[in-house]
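Right, one structure below, let's go through it.
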Amino acid sequence: MNRIKQAFEKKKAFIAFITCGDPDMETTEKVVLAAAENGADIIELGIPFSDPTAEGPVIMEADGRALEAGTTTDDVFRLTKRLREKLDIPLLYMTYANVIFSYGTERFAERAGEAGIDGVILPDVPFEEKEEFEPAFSACGIDLISMIAPTSENRILKISSEAKGFLYLVSSLGVTGTRTNITTDIGAMTALVRKSSSVPCAVGFGISTPEQAEKMAGLADGVIVGSAIVKIIAACGRESAEPVGQYVRQMADAVHR
């Protein structure tokens, strides 16, 4: 059984997103380990990019800080190898098409596979263009994670029927960032997916409180939190590991309930 499938096997999954290199790679490593120790079932490692179109100001600024610190894709591969020696939970990359194109798609996939990555999320690659990437990743045992948005409508069945790993359900229109209310009918989206796929569904974009996390976990198979974690790192800098761990524990407990 692959690691992603195993993460969803017996409970709802809490998925934490962390921008690599913000404020530096040493801190990122400590934060990832703290998140895993405190209940994160899957961790998304954000590879910084200068124009992250799906991101709101919190993660955009984190990308900027990481790039200013000199973070490179090769640095992220090296970090992943170190993490894989200590962690057996799924690790994913979240990044953008240009990062992979500039590195070389096959070369990127091979390096990611060697580092121990389980999946890749590319928010700027539409479902109809995934064939530019999926064969290379599949050859290296990596799932290309598909996304479904509230506007996907009649494409949901098609996307879900070909999904691998899990489906990333975008809870709200717009970019990433914490939200007071999530009004999208996640239950209806999940039910539609179930008509054509048994792949787990995880909800992201806007979730920041234990109450939101518990509610979303009741409607889907997992919950993804990014901006709220990145905010803690922005505020605490190199002392982020402990406060991130405390926050992840609260959120993971809510999801696992």
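Among TYR168, TYR103, which comes first, then next, by fewest other beta-carbon atoms within 10 Å? It would help to have the intermediate numbers written out before the result.
Numbers: TYR168 25, TYR103 19.
Lowest count first: TYR103, TYR168.
Taking R0 as 41 Å, what's the FRET efficiency between GLU26 and LEU157 from their Cβ-Cβ distance, rounded to 0.05?
0.35
Please go through the residue pairs LYS10/LYS30; LYS10/LYS215; LYS11/LYS195; LYS130/LYS215; LYS195/LYS231; LYS81/LYS158 and name each one whose alpha carbons sit more than 29 Å apart in this structure.
LYS130/LYS215; LYS195/LYS231; LYS81/LYS158
Let me check against my output: what whole-number percent is the relative contact order of the chain, with C-alpha pairs under 8 Å and at least 6 apart?
26
What are the ³J(HN,Hα) values, in whole Hz, obtained from phi via the Karplus relation 6.51 cos²θ - 1.76 cosθ + 1.60 with θ = phi - 60°, for each residue of region 147-159 in sequence order, with x given for Gly and Pro?
For region 147-159, the Karplus-derived couplings read 10, 10, 10, x, 8, 5, 6, 6, 8, 4, 4, 5, 4 Hz, x marking Gly and Pro.
Listing ARG111, ARG194, ARG249 from the residue with the fewest other Cβ atoms within 10 Å to the one with the most, what is the order? Write out the running numbers ahead of the final one.
Values: ARG111 20, ARG194 12, ARG249 17.
The order, fewest Cβ neighbours first, is ARG194, ARG249, ARG111.
Taking neighbour counts of Cβ atoms within 10 Å as a proxy for exposure, in what order, fewest first, do LYS195, LYS81 appear?
Neighbour counts put them in this order, fewest first: LYS195, LYS81.
Decide, for the chain, between rounded, prolate and oblate: order the square roots of the alpha carbon gyration tensor eigenvalues as a ≥ b ≥ c, take rounded if a/c falls under 1.5, and otherwise choose prolate if a/b is larger than b/c, else oblate.
Rounded, because the longest to shortest axis ratio a/c is under 1.5.
Report the relative contact order of region 51-168, percent, no decimals, based on alpha-carbon pairs under 8 angstrom and at least 6 residues apart.
The value is 22 percent.
Take the Cβ-Cβ distance between ARG107 and ALA188 as r, set R0 to 25 Å, and report the resulting FRET efficiency rounded to the nearest 0.05. The partial results should precede the final answer.
Working: r = 41 Å, r/R0 = 1.63.
After rounding, the FRET efficiency stands at 0.05.
Taken together, the values in this text are just the output of simple stated rules run on the coordinates, not laboratory data. Predicted model only: the values in this text are computed from it and were never measured. We place every Cβ from the backbone using ideal geometry, glycine too, and count neighbours over all the protein chains shown.
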